[in-house]
1. How many of the residues in region 300-323 are in a helix (DSSP H, G or I), over 20 Å from G339 (Cα atoms) and in contact with a helix residue (DSSP H, G or I) (Cβ under 7 Å, 6 or more places away or on another chain)?
2. Report whether or not A24 is among the aliphatic types (A, V, I, L, M), within 22 Å of E134 (Cα to Cα) and touching a Gly at 6+ places or on another chain (Cβ under 6 Å).
3. Are any residues in region 183-225 over 30 Å from A65 (Cβ atoms) and among the basic types (K, R), and if so, which ones?
4. I'm told R169 meets every condition in (1) assigned to a helix (DSSP H, G or I); (2) out of contact with any Leu (no Cβ under 9 Å at 6 or more places or on another chain) except one. Can you identify the failing condition by its number?
5. For region 260-293, name all the residues that are among the charged types (D, E, K, R) and over 25 Å from P333 (Cβ atoms).
6. Within region 161-178, identify whether any single residue is at positive phi and not hydroxyl-bearing (S, T, Y), and answer yes or no.
7. Could you please tell me which pairs satisfy a Cβ distance under 9 Å, a separation of 6+ or placement on different chains, a first residue in region 96-113 that is free of Cβ contacts under 8 Å to residues at least 12 places away in the same chain, and a second residue that is surrounded by fewer than 18 Cβ atoms within 10 Å (Cβ to Cβ)?
Amino acid sequence: MPPSTARGTRAATPMAFVQAIVRAYALYGKNPGEALAAAQIAPREVGNGKARVTAAQFEALNAHAMQELDDEALGWFSRRLPWGSYGMLCRASITAPDLGVAIKRWCRHHRLLTEDILISLHVQGGVATVRIAEQRPLPPELREFCLVSCLRFLHGYASWAIDSRVSLREANFPFEPPAHADAYPLMFCDRLHFGAVEASYSFDERYLQLPLQRDERALRTMLRRALPLTVLQYRRDRLLGQRVRELLRTRPQEAGNASALATLLNSSARTLHRQLKDEGTSLQAIKDEVRREQATQQLRRGNKPIKQVALAAGFRNEKSFARAFRQWTGVSPGEFRRGEVGEADEKSEKGLQG
């Protein structure tokens, strides 16, 4: 069955990663035939560097290979990682109070498995970065697959643990762009750098503060499959609403509409609307919230004419601003500035705080 139609509708995983698993079989002196058959990948297709396989095919191949070779590292390291090693990392992190602690535990316990690579978490300037330091030379023919897989394992687990896509800002790789580089944005993000000093990816530090949403029972269910974490992309992003608010506040000229916002978020306008809907909100609701916040702050703290406040808040004229402001607070901008707000102002305050 061709890779484009077997076990899924979209074949996006590079055949180069299938070839890496076949090489792992060669290192152990074993035949990959059963693993390829389990994944419904025709042996004749393996040599086709331009071919792709589906996520389901790749997961099936990994599951079979890791168990048959009893090595979840698939030949990457100087010692094998017996079947269940990454499950141990998941269990060691599942009781963490938040994602930051969970990732630190993952990194610390990974070192107990191997010191060939060291995975670490660094936080600076609001950005969290996961880095991989290579302590010894990795097999050249397996190096790319190893580094990509280790980054994907942790990213997938982090997203699963908080039940939210951890949106990456950028990803770096210490090798030149491979022939299948077009698959990397699907696996990581659009902002990619090849030829870097080390493998890494970065994301908003605020994800680290999110509590874990999974328990031991959910973990047992998840671990029944080999690698669902590396092939599933979470649509939900628990920080998306916050990121949209931040862009509207700090970069209003660049974030004037859904398309512009989506570009800044490395997404599409359609995806942006859908994800905000999943969060129980909408782009218009967030825009109104930011406008209301900016307008009330300026009315309280400054003495700008109301017309200027209206323009600064993104309204075309004072009349439309007054109409919207009355809907938000129950009073006109002038009454609000004079303190004639009473109970309506209290309701507005509670809305802003919520």
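1. 1
2. For A24, the condition - among the aliphatic types (A, V, I, L, M), within 22 Å of E134 (Cα to Cα) and touching a Gly at 6+ places or on another chain (Cβ under 6 Å) - is met.
3. R191, R206
4. (1)
5. R270, R274, K277, D278, E279
6. Kept after step one, since they are at positive phi, are these residues of region 161-178: 163.
Adding the requirement that they be not hydroxyl-bearing (S, T, Y) leaves 163.
Within region 161-178, one or more residues are at positive phi and not hydroxyl-bearing (S, T, Y).
7. R108/A92; R111/L118; L112/M88
To keep it simple, each residue is scored yes or no on (1) out of contact with any Ser or Thr (no Cβ under 6 Å at 6 or more places or on another chain); (2) surrounded by 15 or more Cβ atoms within 10 Å (Cβ to Cβ); (3) assigned to a helix (DSSP H, G or I); (4) not hydrophobic (A, V, I, L, M, F, W, C).
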{"position": "F58", "(1), (2), (3), (4)": "no, yes, yes, no"}
{"position": "A65", "(1), (2), (3), (4)": "yes, yes, yes, no"}
{"position": "L74", "(1), (2), (3), (4)": "yes, yes, no, no"}
{"position": "R80", "(1), (2), (3), (4)": "yes, yes, no, yes"}
{"position": "Y86", "(1), (2), (3), (4)": "yes, yes, yes, yes"}
{"position": "A92", "(1), (2), (3), (4)": "yes, yes, yes, no"}
{"position": "A96", "(1), (2), (3), (4)": "yes, yes, no, no"}
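The values are calculated or read from the model by the stated rules, or taken from the named source; none is laboratory data. Here the structure is a predicted model, which means the values were calculated and not measured. Using ideal geometry, Cβ is built from the backbone for each residue, glycine included, and neighbour counts are taken over all protein chains shown.
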